[in-house]
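To start, the structure itself, in structure tokens.
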Amino acid sequence: MCGTLATMSSPLPRSLAIGYGLGSLGTGMYAAVPGLLLLYYLTDILGVAAGLAGVAIFVPKIWDVISDPLMGSISDRTRSSWGRRRPYLLAGGLTLPIFFGLLFSAPDISSSAAFIYTMAMYTLCATAFTIYQVPYIAMPAEMTGDYHETTRLMAYRMAFMTAGVLLAGAGAPLLIKAAGGGREGYTMMSWSVAAICLVAMLGSVIGTRRARFTTDETPSTEPLRRQVLCALQNRPFRILLSAYALQLTAVGCLLAAVVYFAKYILGGGEGTVTLLFLALMLPAIFTMPLWLALSRRIGKERCYGLCLVVFAAASVGLWWSPGMSVLGAASVIGVMGIAYAGTQLFPFSMLPDTIEHARKNSTQGREGVFSGIWTAVDKGGLATGGLAAGLLLDATGFIESEGGVLVTQPETALTGIVIAISLVPALLTAAASLVYRRYDIGTIDARPQEVQS
């Protein structure tokens, strides 16, 4: 049903911003658990070799390279009374929790069969996540064209996402422990998290029912390959995407190494994993409003560059973690958490700016294609980081086990764990900072446009 006309620069109601952000509570929980626990689940619960476990995490993301831009193009072409994006939020919100519950529910089979089962389930999870996430990320470019309003909307999204990551990352190890650990503990954890994801993701479908969406754009009739190439010819988008990919690979390696770091370097258990995750995410939550305020003074572009430098510097500090106490290591990770807030907030708030930059030279709506490329790189970066951690552990002689039993690791494997959580993230984030120095988008003006609500 048609609504009234409005301008894209009108302030968004807080209820709408909250409704939109709620979806990221679910997506944040989904992203956190595999990133934190899936590699360890494969090596120390299912007995899969570390290198092969890294492959199981990485291969489904190859599919994302195809499926994410394709999903973006499909949503760009969709016409419905719900807009171009929300039908897919409903479909993804219903299917992702099911596959996620099955992901950590491998039957009692051989390690080779468990490798195949987990990789297949992770591929189904990735597909359902694509159906939801790609249209979801494309929505802000339609909801508002105001430079600062976009950042405000992203702040709500990142606050919910950070809360989801915190809730799942800190709570999942405790749920596993409460359920007795092992296969049964992981199964109970996965279905518990899946239930919360279902509520949050469907809540966002309802919460965005009054969101504005574009009505007068002509969907692109070009082949998908041509649309992707056109998007990548957008220099600000390409540079931001490259920096973000390096940054996410660093985070993926860090998250994959956290459980090994807590148990084999610091000598702790699930409680230590939870403490380290809280050290990363709590500062991120509390400093998000401060980063938002600072961005209004010096610009989100400068803030993002500052966050990359701080994150890289703090990562180097973990190189000396074998001589630290648990609280000392948590303090270093806390500094990383302050920067982590900005490395999540600002790239996503700058993405609509790069889409706006492209729209100045085109009348066709390609928000979905841009967001499809973005989410493919987002998920691919995290998976590449997990693969790097797995290959590094394998190369340094890490010994896998079954049932969560800790084994005595060689000194080379312990060094590999420290490298995976410190030097690799530091070098990747430093490289992201160097790439990002070339970013320049100029001034983005809000554009009035006919919309439907």
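Read the figures in this text as sums done on the coordinates, not as results from a lab. Here the structure is a predicted model, which is why all the values come from computation and not from measurement. Cβ sites come from the backbone with ideal geometry, for glycine too, and all protein chains shown count toward neighbours.
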| task | Using packing as a proxy for protection, rank 251-258, 190-197 so that the peptide with the highest average count of other Cβ atoms within 10 Å comes first. | result | 251-258, 190-197
| field | For residue 46, distant residues with modelled amide H under 5 Å away | value | 403
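For the range 1-113, what value does the Rg/Rh ratio take when both radii are computed over Cα atoms and Rh is the Kirkwood radius, given to two decimals? Each step should come with its number before you reach the end.
Details: Rg = 19.2 Å, Rh = 17.5 Å.
Across the range 1-113, the Cα-based Rg/Rh ratio is 1.10.
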| query | Given that compact globular proteins tend to follow 2.2 N^0.38 Å, what is the ratio of the alpha-carbon Rg of the range 125-169 to that value? | reply | 1.33
| query | What are the semi-axes of the equivalent ellipsoid of the chain, taken as the square roots of 5 times the eigenvalues of the Cα gyration tensor, listed largest first and rounded to whole Å? | reply | 36, 24, 19
| message | Using alpha carbons only, how many angstrom separate the centre of the range 296-359 from the centre of the range 157-182? | response | 21 Å
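From the gyration tensor of the Cα coordinates in the range 27-68, what semi-axes in whole Å does the equivalent ellipsoid have, largest first, with each one equal to sqrt(5λ)? Working shown, then result.
Details: eigenvalues 80, 43, 5 Å².
Equivalent-ellipsoid dimensions as semi-axes: 20, 15, 5 Å.
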| task | For residue 440 paired with residue 232, estimate the spin-label separation in nm (one decimal), with each label point 7 Å from Cα along the Cα-to-Cβ line. | result | 2.4 nm
| How many nm is it between the label spots at residue 325 and residue 91, if each spot is 7 Å from the Cα in line with the beta carbon? | 5.4 nm
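Relative contact order, percent, of the chain when contacts are C-alpha pairs under 8 Å separated by at least 6 residues?
On the way: 860 pairs, mean separation 147.9, N = 453.
RCO, the chain: 33 percent.
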| At what distance in nm do the modelled label points of residue 80 and residue 199 sit from each other, each positioned 7 Å from its Cα along Cα→Cβ? | 2.5 nm
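Inverting the mean 1/r over all pairs of different Cα atoms, compute the Kirkwood radius of the range 262-304 and quote it in Å. Intermediate values should be presented prior to the final figure.
Details: mean 1/r = 0.0816 Å⁻¹.
In the range 262-304 this quantity evaluates to 12.3 Å.
Between residue 427 and residue 290, what length in nm is gained on full extension when 0.36 nm per residue of separation is reduced by their alpha carbon distance?
Values: separation 137, 0.36 × 137 = 49.32 nm, distance 2.66 nm.
That pair, residue 427 and residue 290, stretches by 46.7 nm at full extension.
Counting only Cα atoms, I'd like the Rg/Rh figure for the range 99-177, Kirkwood definition for Rh. Mind dumping the intermediate values first?
Working: Rg = 17.5 Å, Rh = 15.5 Å.
Expressed as Rg/Rh, it is 1.14.
Quick check: convex hull of the Cα atoms in the range 165-297, volume per residue, rounded to a whole Å³? Mind showing how you got there, number by number?
Working: hull volume 28.3 nm³, N = 133.
For the range 165-297, the hull spanned by Cα atoms encloses 212 Å³ per residue.
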